[in-house]
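Asker: Okay, handing you the structure first.
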Protein chains: 2
Amino acid sequence: MAVTVVGSVAFDALETPFGKRDRILGGAATHFSLAASFFTDVRVVGVVGEDFGAEELAVFEVRGINTDDLDRVDGARSFFWAGRYEEDMAVAHTLDTQLNVFAEFDPALSEGARESAVVFLANIQPDVQRRVREQCEAAVLTGLDSMNYWITSARDSLLQTMRAVDVVVLNDAEIRMLTHDPNLARGARQIRALGPRVVVAKQGSYGAAMFTEEGFFSVPGYPLETVVDPTGAGDSFAGGFFGYLDSHSASPITDEKLRCAAVYGSVLASFSIEEFGSERLQRLTHAEIEQRFDEFRRMTHFEAIRPAASGRTVTTSNRR
Amino acid sequence: MAVTVVGSVAFDALETPFGKRDRILGGAATHFSLAASFFTDVRVVGVVGEDFGAEELAVFEVRGINTDDLDRVDGARSFFWAGRYEEDMAVAHTLDTQLNVFAEFDPALSEGARESAVVFLANIQPDVQRRVREQCEAAVLTGLDSMNYWITSARDSLLQTMRAVDVVVLNDAEIRMLTHDPNLARGARQIRALGPRVVVAKQGSYGAAMFTEEGFFSVPGYPLETVVDPTGAGDSFAGGFFGYLDSHSASPITDEKLRCAAVYGSVLASFSIEEFGSERLQRLTHAEIEQRFDEFRRMTHFEAIRPAASGRTVTTSNRR
């Protein structure tokens, strides 16, 4: 089994209240791949320029990530994004975006990538997402992410792509924007009516909510006292989510597995934001993942200790 | 055992996308009392005008709520608040506030109220909260709510009152405003350093987070597709929380009980917002409460299905 992710592999320049990085490995597919690599084999589909060197390649290789579908274009530069976060860490302010090699990205997948059981279409142009989706005929589970830019500029194409996937992963604001509905539960229902069986709403520091046929599931954000860099949190979540599910994709993807996947996704996202870029995931261990998974269990666990009998004179039966 | 609440008993005029009410029973102590009455005996401490009649009194009496400490002032009018909610239901826009009898509110409690095991100081002037707190020498558990107005205009008094209670219940934005810290976990730590052993952060549609010595607990919001009127949600939460704890106050208030209390609080809040004002709580049943409590268990439950062995070549031991 393997999970294939298609998306950006990039360089980021980042400023947060905790410091800055002028040039750091980033991109949705990078964060996803690293997170997923703790659960299963990963193939990354993307394009980079000649500025992507041995040092960057090693970040993937040391985690065993297959880069056969990572094209390197001579005489061109990689996708570049510069952003800044203020004190509250909630909003990324884009300072610069240079598409570079990514402007013409429209991959033809290798046979290995086409045969993946699980496929994640990270945030790229929805026509391109759909053409990748169509190449993956063996997939048993597919998902996509998107962003406000595509929701407004390529809405019809995005809706068409959504009809072809099993899982839609968006943040709260994007779901509201897409569905023109301020109520998240109604918005998720609308998206599920298009075809996807699962809608995951990423909620920043509040965690994530999942809507499926069987009902609603919620996992909180991990209460970190220091968030160094939120960049890539959503992609790390998706990497943990789909990587975990790929490891269980030989048997049916049940609601119980989806719930665990959402928790593992939250675990990976919570580590991701502890340091800049992918620095934390690069030195993460399986033991740390399992330990934090257990912390999420404690954070959400409660026993049903029913209200004590109190000798109350008012009971249900004598209410009007 | 009994829980005593001190706070506003009022008339509200409300406009939401689902309709309007020109004059409806409201006030923090009203919502709190009704919610708490499903768990224990309740005493309400407040003041109303001569516009508060038999119909309003009956709302309390039918739920067995003790109104001995609800003063009725002849020749004066009750506290009045008018507010409007937009589509997203997240922010209440105040259209009118008339303090009326509430301007001089500074109650001397009856002996019965002074002997309560659990006391909740709803959102009123912090000096008044503190004078009430001082009268309740028998209390084994005390809590308070406040608001942005007091945080800015009576900050020192509010901090002093916080030092005298066990539980602080505020919303996220109020915690950030009070502590001048955008990080909720750090803010909650600051408040606990003042003295309270429990900080509850109300998070609107995201539910509630609780910080105690033993750790962090989170309960999601109930995913209602239709929120008719969010007024009183926070006070209904507090009523469920402290009412439940009062029913268990004969033995120590453990972390397990606090967690259940937060869930019962969320249950009561979720019912409260289904209809205008206190309409839904007035016809709520114990069976509905227990049913929704069980739904909260399902919404947050997950088994630890560990990642499947995947024949991966990368293991923890060969990572750099």
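The values are calculated or read from the model by the stated rules, or taken from the named source; none is laboratory data. On a predicted model such as this, the values are computed, not experimentally measured, just so you know. Here the Cβ is made from the backbone with ideal geometry for all residues, glycine too, and neighbour counts use every protein chain on show. Only protein heavy atoms, including side chains, enter the accessible area calculation; ligands, DNA and RNA are left aside. Shrake-Rupley method; radii C 1.70, N 1.55, O 1.52, S 1.80 Å.
Asker: Just give the residues from region B:168-184 buried by at least 30 square angstrom of accessible area in the all-chains context relative to the isolated chain, probe 1.4 Å, and say none if nothing qualifies.
Answerer: B:PRO182, B:ASN183
Asker: Among A:MET210, A:MET162, A:MET177, whose mean-square fluctuation peaks in a Gaussian network model of chain A (Cα, cutoff 10 Å)?
Answerer: Top of the fluctuation ranking is A:MET177.
Asker: Grab the beta carbon distance between B:ASP96 and A:VAL91, set R0 = 30 Å, and tell me the FRET efficiency rounded to 0.05.
Answerer: Calculated value: 0.35.
Asker: Can you send over the carbon and sulfur percentage of the accessible area for chain B, probe radius 1.4 Å, protein chains only?
Answerer: 48
Asker: Considering only protein heavy atoms, what is the solvent-accessible area of A:LYS202 at a probe of 1.4 Å, reported in Å² to the nearest 10?
Answerer: Near enough 40 Å² of accessible area.
Asker: At a probe radius of 1.4 Å, what is the per-residue accessible area of A:SER266, in Å² to the nearest 10?
Answerer: 10
Asker: Something else: Keeping every protein chain present and rolling a 1.4 Å probe, give me the accessible area per residue for region A:1-129 in Å².
Answerer: 40
Asker: Determine the calculated [θ] at 222 nm for chain A from helices alone, applying -39500 (n - 2.57) to every DSSP H run no shorter than 4 residues and normalising by the residue count; nearest 500 deg cm²/dmol.
Answerer: That comes out to -10500 deg cm²/dmol.
Asker: Give me the three principal axis extents of region A:1-104 from the C-alpha atoms, as integers in angstrom, largest value leading.
Answerer: Between the extreme Cα coordinates on each principal axis of region A:1-104 lie 41, 34, 22 Å.
Asker: Here's another thing I want to ask about it. Can you tell me how much longer the chain between B:LEU194 and B:GLU214 gets when fully stretched, taken as 0.36 nm per residue apart minus their C-alpha distance, in nm with one decimal?
Answerer: Between B:LEU194 and B:GLU214, full extension yields an extra 5.5 nm.
Asker: For the Cα atoms of chain B, what angle does the longest principal axis make with the long axis of helix B:184-194, in degrees from 0 to 90, nearest 10?
Answerer: 60
Asker: Okay, moving on. Once the label point is placed 7 Å from Cα along Cβ, list for B:GLU214 the distances to the corresponding points in the other copies, in nm, shortest first.
Answerer: So the distances to the same position in the other copies read 2.8 nm.
Asker: What pairs in A:LYS20/B:LYS202; B:LYS20/B:LYS202; A:LYS202/B:LYS202; A:LYS202/B:LYS20 have C-alpha atoms more than 31 Å from each other?
Answerer: The pairs that break the limit, which is 31 Å between Cα atoms, are A:LYS20/B:LYS202; A:LYS202/B:LYS20.
Asker: Note the per residue figure in Å³ for the convex hull of the C-alpha positions in the protein assembly as shown.
Answerer: 150
Asker: Among DSSP beta bridges whose residues both lie in region A:1-124, state the antiparallel percentage, nearest 5.
Answerer: 40
Asker: I would also like to ask the following. At R0 = 51 Å, how high is the FRET efficiency between A:ALA304 and A:GLU137 if r is their beta carbon distance? Nearest 0.05 is fine.
Answerer: 0.65
Asker: Distance between the C-alpha centers of region B:199-213 and region A:185-240? Whole Å please.
Answerer: Between the Cα centre of region B:199-213 and that of region A:185-240, the gap is 19 Å.
Asker: Measure nothing fancy, just the Cα-based angle from helix A:255-272's long axis to the longest principal axis of chain A, in degrees from 0 to 90, nearest 10.
Answerer: Taking Cα atoms only, the helix is inclined about 60 degrees.
Asker: Name the residue, out of A:GLY27, A:GLY215, A:GLY265, whose mean-square fluctuation peaks in a Gaussian network model built on chain A with Cα pairs under 10 Å.
Answerer: Ranking A:GLY27, A:GLY215, A:GLY265 by mean-square fluctuation puts A:GLY215 first.
Asker: For region A:64-151, state which GluC sites (Glu not before Pro) are in a DSSP loop and have at most 14 other beta carbons lying within 10 Å of their beta carbon.
Answerer: Here the GluC sites (Glu not before Pro) that fit, given the DSSP loop and packing criteria, are A:GLU86, A:GLU87, A:GLU137.
Asker: Shifting gears a bit: Ignoring ligands, DNA and RNA, how much accessible area is buried between chains B and A, both sides summed, with a 1.4 Å probe, to the nearest 100 Å²?
Answerer: Interface area, both chains combined: 6100 Å², rounded to the nearest 100.
Asker: Here's a follow-up. Output the relative contact order of region B:22-87, whole-number percent, from Cα pairs under 8 angstrom with separation of 6+ residues.
Answerer: Relative contact order, region B:22-87: 35 percent.
Asker: Only Cα pairs under 8 Å and at least 6 apart count here; give the relative contact order of chain B as a rounded whole percent.
Answerer: 17
Asker: Shifting gears a bit: Which whole-number value in Å² is the accessible area per residue of region B:156-278, probe 1.4 Å?
Answerer: Spelled out: the 1.4 Å probe surface of region B:156-278, per residue, equals 29 Å².
Asker: Given label points at 7 Å from Cα along Cα→Cβ, what nm distances, shortest first, separate B:SER157 from the same residue in every other copy?
Answerer: 6.1
Asker: Using Cα atoms only, what is the angle between the long axis of helix A:233-247 and the major principal axis of chain A, expressed in degrees (0 to 90) to the nearest 10?
Answerer: Orientation of helix A:233-247: about 80 degrees from the principal axis.
Asker: Bin all alpha-carbon pair distances of region B:80-187 at 10 Å intervals from 0 and give each bin's fraction as a whole percent.
Answerer: With 10 Å bins starting at 0, P(r) equals 13, 38, 34, 14, 1.
Asker: Treating the point 7 Å from Cα along Cα-beta-carbon as the label, what are the nm separations from B:GLU274 to the other copies, to one decimal?
Answerer: Nearest first, the other copies' label points are 4.2 nm away.
Asker: Please give the length that would be gained between A:GLU50 and A:ASN148 if that part of the chain were fully extended, namely 0.36 nm times their separation in residues minus their C-alpha to C-alpha distance (nm, one decimal).
Answerer: Net length gain for the segment: 32.3 nm.
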